[in-house]
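Have a look at the structure below, then the notes.
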Amino acid sequence: MKNFIEEVTWRGMLHDVMPGTEEHLMEQMRVAYVGIDPTADSLHIGHLVGVMLLRHFQLSGHKPLALVGGATGMIGDPSGKSNERNLLDEATLRHNQEAIKGQLARFLDFTSAEPNAAELVNNYDWMKEFSFLDFIRDVGKHITVNYMMAKDSVKKRLTGETSEGMSFTEFTYQLVQGYDFLHLYRAKKCTLQMGGSDQWGNITTGTELVRRIESGITKADGTKFGKSEGGNIWLDAERTSPYKFYQYWLNTSDVDAEKYIKIFTFLNKETIEKLIAEHNEAPHLRALQKRLAEEITIMVHSQADLENAIAASNAFFSPSMDELKKLDEKTFLEVFDGVPQAEISMEDLNAGLDMIAALAAKTNFLASNSDARRELKQNSISLNKEKVAEDKIITKEDLINNQFLLLQKGKKNYYVIKIV
């Protein structure tokens, strides 16, 4: 049996842990869970630390449970939030659950015949028949209001200068999550809960319930990564393309790359230390970021998606148009995301589009026709990465994928024209 605590410690994934956890895990196969609220039909990179913890847990010979919070997802976790989440109906939550399971299957082995096969559980299944009276009698009476009010997630919501307070619904969240731990302890012999550092209060509520009602438990807490509201990098390719996903990891800082490659890959310690040493010798080559981006893009998407992402990345810097012409419309626009764009009708193109019109009159890329003429005379304008003069007439033959034109002033100023 592999030492799970030792593994996640050197990877920098451990934020806090109950004394005795390491010994507990080395005794025999144990069961642990991580909770995921299905507020969307895709995971995002903020979920990945928890998922990676479950994967390392399974690789260490233990049994991981991925808890999709159908019940808690109907409430909304106050941890780290200043406002309540939108409440979702059961049909939406079930749809999200199935989509999330498909993504989790890329990381966790649900089909193994071994005792430590992963399982997906949904707390809605054991909460849906739990009446309010039964809940406050059987669960609520064991946890005092003083105990609940002492949680940082609650105090921040109630005492913040811009706080809008907290509804009773959200206030009960920690009891519902605490009951999850109690239920899984009883039904699945689960003795470990893992989660982001912001979940520590909810985790300890669960252990307190088990201690008071059943006695005995242990817990661990992994570091939090990413956001859960806005600006998410999704695992679903329809929400975040493999190209953008790849670029996110490729553009991480040196410090973050050194940390992330331990957390978000399954490379061993020797390989990672060699990569870090190689990177430190020549940081400008970004070997660490490239390997990180490659490993995680393959893991979340596929080898083919990685190759396409690399090709798209290289296309931007390629001196020829060969690579750019291979890109589909979506990827082409993503490569030039943030670059000024304009639309010109096919009629205008067929009528004869000259360079002055393409640069100024029809697009306003340059301030005036005279500016366009000056830049063209200085030989600083390129069309599809080839230098052009004022007498160049743009035709259909110049189109990239029958739709785009790429203009360039100097080395760094790009403009995209889309023919509509």
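Things worth noting here:
- Flag for K101 being part of a helix (DSSP H, G or I), open to solvent by 90 Å² or more (accessible area, probe 1.4 Å) and not acidic (D, E): no
- Summed over the stretch 17-67, the residues that are under 14 Å from F107 (Cβ atoms) and of a type in the set (V, I, T) give a count of 5.
- Identity of the residue in the stretch 319-336, touching a helix residue (DSSP H, G or I) at 6+ places or on another chain (Cβ under 8 Å), touching a residue at least 40 places away in the same chain (Cβ under 8 Å) and outside any helix (DSSP H, G or I), that ends up surrounded by the most Cβ atoms within 10 Å (Cβ to Cβ): L327
- Test: residue in the stretch 224-231 that is modelled with pLDDT of 75 or more, among the aromatic types (F, W, Y) and open to solvent by less than 30 Å² (accessible area, probe 1.4 Å): no
- Residue within the stretch 35-56 that is surrounded by fewer than 22 Cβ atoms within 10 Å (Cβ to Cβ), in a helix (DSSP H, G or I) and touching a Pro at 6+ places or on another chain (Cβ under 8 Å) present: yes
- Residue within the stretch 188-209 that is modelled with pLDDT of 70 or more, open to solvent by 40 Å² or more (accessible area, probe 1.4 Å) and of a type in the set (A, V, I, L, M) present: no
- Restricting the stretch 351-370 to residues that are open to solvent by 40 Å² or more (accessible area, probe 1.4 Å) and either in contact with a His (Cβ under 9 Å, 6 or more places away or on another chain) or not in a loop (DSSP other than H, G, I, E, B) (or both), the residue that is modelled with the lowest pLDDT: A361
- If you go through the stretch 40-69 and pick out every residue that is closer than 14 Å to L235 by Cβ and in contact with a helix residue (DSSP H, G or I) (Cβ under 7 Å, 6 or more places away or on another chain), you end up with 8.
- Any hit, the stretch 259-275, residues being modelled with pLDDT under 90, at negative phi and in contact with a helix residue (DSSP H, G or I) (Cβ under 9 Å, 6 or more places away or on another chain): no
- Odd one out for S112, checked against (1) modelled with pLDDT of 85 or more; (2) open to solvent by 60 Å² or more (accessible area, probe 1.4 Å); (3) assigned to a loop (DSSP other than H, G, I, E, B): (2)
The values are calculated or read from the model by the stated rules, or taken from the named source; none is laboratory data. Everything numeric here is computed off the predicted structure, so don't read it as measured data. Here Cβ is always computed from backbone atoms with ideal geometry, including for glycine, and neighbour counts include all displayed protein chains. To get the accessible areas, we keep the full protein, side chains included, count just its heavy atoms, and leave off ligands, DNA and RNA. Shrake-Rupley method; radii C 1.70, N 1.55, O 1.52, S 1.80 Å.
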